[in-house]
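First up is the structure itself, then whatever we jot down about it.
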Amino acid sequence: MASITKLRTSESIRFFDHSVALSLVQAFHRHLDLNRLLEVFWSQSDAVFQASSLRYRNSDQNIEEHFGSDDRHSASYNLTYQNEKLGELMFTFARRVDEDTLATAEDLIALVMPAVKNALAYRSACRTADLARAQPAEKTGAKMMDTDDGLLLLGIDGFHEIRQRDGEAWAQTLVETVQSQLQEGLREADSVFQIDDGLLAVLLPRTTRTDALGVAAKVRVLIGSLHLRDAQVTSQLTACMGIACTRDAETADQVLQQARTALQEARDAGSNSVRIFKD
């Protein structure tokens, strides 16, 4: 049994150059639905190092997914990212594999772990919201309303320029600072997680379109309290936001894609803009 306890950075990934690693991370982060994410991960595993099968198990969330056909040789990993246990993953192979193949597999796992963490958080938040809606009205003491769940995508304005100017480490620190600011300022039920390069997602359980716009206004204030200092010039941080609601989609991936569409519309409108997805 092998164990991965710390995610490698893109600079220390051994078998993928920076551009390939970035492309893989972006491909993984396009999916908040865990099953779809694992399908993409499996296709990459099959293509890159010819695994015969992939099995993912998370006993805490009662999840078990299997892709391909099991073979005689195996390599297993306990996944941990940012001190959070993400479950177990096992590859099988038709023949005994060498150290380079295993190292390549571990690099690919390292690249997918943040996306797995986000997908698990999204799955857990959705299940919590579903349970809340399923509770009888007499237990909640109020009439249950037919409300949506909302997803707000936030892209920091000028993020790519900030990264080019100040470097990867500082850019990631900025994203984590914004994430922490939102987690402290929003409702306890709201979940905030990073899903892409400089992109944050805020899951808003039982939130209508109107309410989501109100959250976006609060997010704007929270972000506006942060300032960047470049030499002697200090500027207020701003972000564009795109909002989508679960009522308008059938899957988590569709909600995410709709929120991305709305975010792009907001960016097209200019910095500090907000748009809601509309058919």
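Read-outs: derived from the displayed coordinates by stated rules, not from any lab. Please read all numbers here as calculations on a predicted model, not as lab measurements. Backbone-built Cβ (ideal geometry, glycine too); neighbour counts: all protein chains shown.
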Starting from the 7 Å offset along Cα-to-Cβ, what nm value, one decimal, do you get for the label separation of Ser225 and Thr173? 2.1
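Would you work out if the range 70-122 is rounded, prolate or oblate? Take a ≥ b ≥ c from the square roots of the eigenvalues of the alpha-carbon gyration tensor; rounded if a/c is under 1.5, else prolate when a/b is larger than b/c, oblate otherwise. It would help to have the intermediate numbers written out before the result.
On the way: a/c = 2.78, a/b = 2.02, b/c = 1.37.
Because a/c hits 1.5 or more and a/b exceeds b/c, the range 70-122 counts as prolate.
What net charge do the residues around Glu39 carry, taking every other residue with its C-beta under 13 Å from that of Glu39, with Lys and Arg at +1 and Asp and Glu at -1?
Numbers: positive: Arg30, Arg36; negative: Asp33, Asp46, Glu65, Asp253.
Value of the local net charge: -2.
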Short to long, in 10 Å steps from zero, the percent of alpha-carbon pairs of the range 145-276 per bin is 13, 46, 32, 9, 1, 0
In a solvent-free Debye calculation with one equal scatterer on each Cα, what is log10 I(q)/I(0) for the range 2-126 at q = 0.10, 0.17 Å⁻¹, listed in the order of the q values? -0.27, -0.84
Assuming R0 = 45 Å, can you tell me the calculated FRET efficiency for the pair Ser74 and Glu250, based on Cβ-Cβ distance, to the nearest 0.05? 0.80
May I ask you to compute the full-extension gain from Phe15 to Gln50, defined as 0.36 nm times their residue separation minus their alpha-carbon distance, rounded to one decimal in nm? 11.1 nm
So for each of 205-217, 26-38, 108-120 I average, over its residues, the number of other beta carbons within 10 Å; can you give me the resulting order with the highest mean first? 108-120, 26-38, 205-217
Please state the relative contact order of the range 145-276 as a whole percent: Cα pairs under 8 Å, 6+ residues apart? 32
Charge dipole of the range 145-276 about the Cα centre (unit charges at C-beta), most positive-ward option of Val215, Gln172, Gly242: Val215
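Quick one: net charge of Ser273's neighbours, Cβ under 12 Å, K/R +1, D/E -1?
On the way: positive: Arg220, Arg267, Arg275; negative: Asp157, Glu265, Asp268.
Its environment carries a net charge of 0.
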Leu213-Leu22 FRET efficiency (beta carbon distance; Förster radius 35 Å; 0.05 resolution): 0.60
